[in-house]
Amino acid sequence: MKFLISSAKGELYAYRRAAWKALLGIGATVVRLDAKWGLRPRQLPDAAIVAGVIQDIQQCDALVAILGRDKGLRTTKRDIGLVEYEIMTAENAGILVFSYVTPNSRLFVRLEKSRETQQDIRLLSQSEVVKQVRSSEDLASELLNDVESHFLRGIRDRHAFHVETVSPIHWPTLAAHPEELLRCSPRFFEEVVAELLRADGWDVDLVVSSNAPGPDIIACSSHIIDTVPIRMIVECKRLRQDRPIDIDVVRKIVYWVNEEYGATLGMIATTSRFTREARQLVETKHRWRIALRDQEAIVEWINRQVYRGPTEC
């Protein structure tokens with residue numbers, strides 16, 4: 001599990017630290033965005049920092065947003081705060097957002113008088129949690145309760161449905177124009193991978209779409225070792241080439257394989273690529289249990305499907 005803590009202002013240092021310690025206590029990977037990117041109060045982050053923060057958010061499982069007296073760091077003097085960018089990025093990517101409002105925040109006061117505050121309410125309307133907390137200790141307690149309710153239980157509650165044939169896929173078109181994979185929906189990419197696995201002889205279950213974290217596909221086979229069932233969980237990431245899969249995603253899959261799902265194998269399939277650190281971790285420690293399939297490997301897989309002929313598609 002990977003959590004990001006928003007780049008809130010200096011006044012909220014104690015709250016950010018309390019959230020960080022609470023999440024570390026349950027074994028989560030935690031990144032404080034202000035610390036990672038060296039952000040300081042009244043600093044105007046440049047475009048490269050903003051892009052890096054957005055990429056971090058898109059690759060996490062949940063964002064913890066802490067709101068204080070002001071909106072926090074701004075990308076320009078006239079632009080919206082970076083915290084607002086973080087919340088909107090997470091919500092647009094379907095990532096859980098836990099928003100906590102501190103006592104000195106103006107968010108819950110003068111709702112009728114302040115147009116700016118009404119915009120804040122609209123901004124937070126899609127958050128999984130919006131709560132007012134009295135202290136940093138109160139935030140830590142509420143955060144752990146909310147993670148248990150919306151995150152950990154969600155992993156156990158995800159459902160799957162069996163795949164016989166998904167939406168029709170025209171393999172020659174995908175083979176000739178692999179860039180179409182970047183234009184399709186993330187769900188369609190999951191269906192492509194599921195159908196490729198099914199054609200390879202796996203019994204495939206597609207996990208029902210939801211905000212709960214967990215693998216996208218669960219595949220089983222007894223063909224590799226006769227009568228011995230093998231279970232593989234698959235995470236699908238439809239991303240651009242400039243958004244590589246980092247080492248934290250690999251660690252998450254390893255955790256799911258070993259702890260959450262009791263699987264034999266794990267696979268990460270992506271239209272992007274993997275960072276050097278991610279590949280090194282798999283090569284040195286998980287070579288026999290975790291498979292990495294980048295864009296090039298996916299295209300080769302699709303080409304093999306074309307060569308099989310229409311009767312096996």
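Any read-out appearing in this document is the output of simple, stated calculations on the displayed coordinates, not a laboratory observation. All figures in this text were calculated on a predicted structure; none of them were measured in a lab. Note that we place each Cβ from the backbone using ideal geometry, even for glycine, and neighbour counts take in every protein chain shown.
Can you put Met88, Met267 in order, fewest other beta carbons within 10 Å first? Each step should come with its number before you reach the end.
Details: Met88 16, Met267 22.
Lowest to highest Cβ neighbour count: Met88, Met267.
Order by neighbour count: Arg304, Arg16, Arg198, Arg276, fewest other Cβ atoms within 10 Å first, most last.
Ascending Cβ contact count within 10 Å gives the list Arg276, Arg304, Arg198, Arg16.
What is the fewest-to-most order of Arg134, Arg289 by other Cβ atoms lying within 10 Å of their Cβ? Walk me through the numbers before you get to the answer.
Details: Arg134 10, Arg289 17.
The order, fewest Cβ neighbours first, is Arg134, Arg289.
Local charge sum around Asp56 (other residues, Cβ-Cβ under 13 Å, Lys/Arg +1, Asp/Glu -1)?
Taking every Cβ under 13 Å from that of Asp56, the sum is -1.
Are any of the pairs Lys131/Lys237; Lys2/Lys237; Lys2/Lys36; Lys252/Lys285 more than 22 Å apart by Cα-Cα distance, and if so, which?
With Cα atoms farther than 22 Å apart: Lys131/Lys237.
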